[in-house]
Amino acid sequence: MGNSKIADKLDQNASTTANYARDAFVSVNNSMMKAMERNRLITQNLFKAMQEESLRFMNTRLEHTSRAVEKGRDVQGISQLIALQHDWLMDAAKDYAEFNKRFGEVLQEVTEQSVDHASDLAADASRLAKKTEGAAERVAAE
């Protein structure tokens with residue numbers, strides 16, 4: 001009879017340990033899925049912002065170049081041509097500077113989102129570690 005009780009107790013402990021392990025695995029899996037979804041959203045937002053800024057830049061450059069071509073039809077003499085070229089180059093420099101500024105702002109925003117995401121992951125990992133530690137203590141106490 002004594003061996004039967006010991007076997008039952010061992011089976012019960014094994015079952016409890018398996019349940020705790022399964023719960024820990026589910027928690028880790030859920031955390032990983034949450035992290036992957038957040039990373040996907042951050043990456044998706046980054047690519048969308050990059051696409052929008054690139055299109056805005058290309059449209060601006062096209063407008064400035066078209067304007068320069070139109071003005072070029074009325075150019076008379078080398079000095080006017082040099083002035084037109086100078087204006088076109090200044091517009092290009094301004095457009096590139098504006099593009100870099102806006103792109104930097106987009107990257108800063110994405111970086112802030114990533115930092116927030118990392119903080120959330122750290123908090124999730126801490127909660128999971130405490131939960132797993134508590135489960136291990138309960139198993140050890142039994």
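Per this entry, A93 is counted among residues that are within 37 Å of the chain's Cα centre (by Cα), among the small types (G, A, S) and loosely packed, with under 14 Cβ neighbours inside 10 Å. Put simply, of F103, F25 the only residue that is in a helix (DSSP H, G or I), without any contact (Cβ under 8 Å) to a residue 60 or more places away in the chain and either touching a Cys at 6+ places or on another chain (Cβ under 8 Å) or surrounded by 14 or more Cβ atoms within 10 Å (Cβ to Cβ) (or both) is F103.
The numbers here are math on the coordinates, done by the rules we state, and not lab data. Keep in mind that this is a model prediction, so the values were computed, not measured. Cβ: placed from backbone, ideal geometry, glycine included. Neighbour counts: every protein chain shown.
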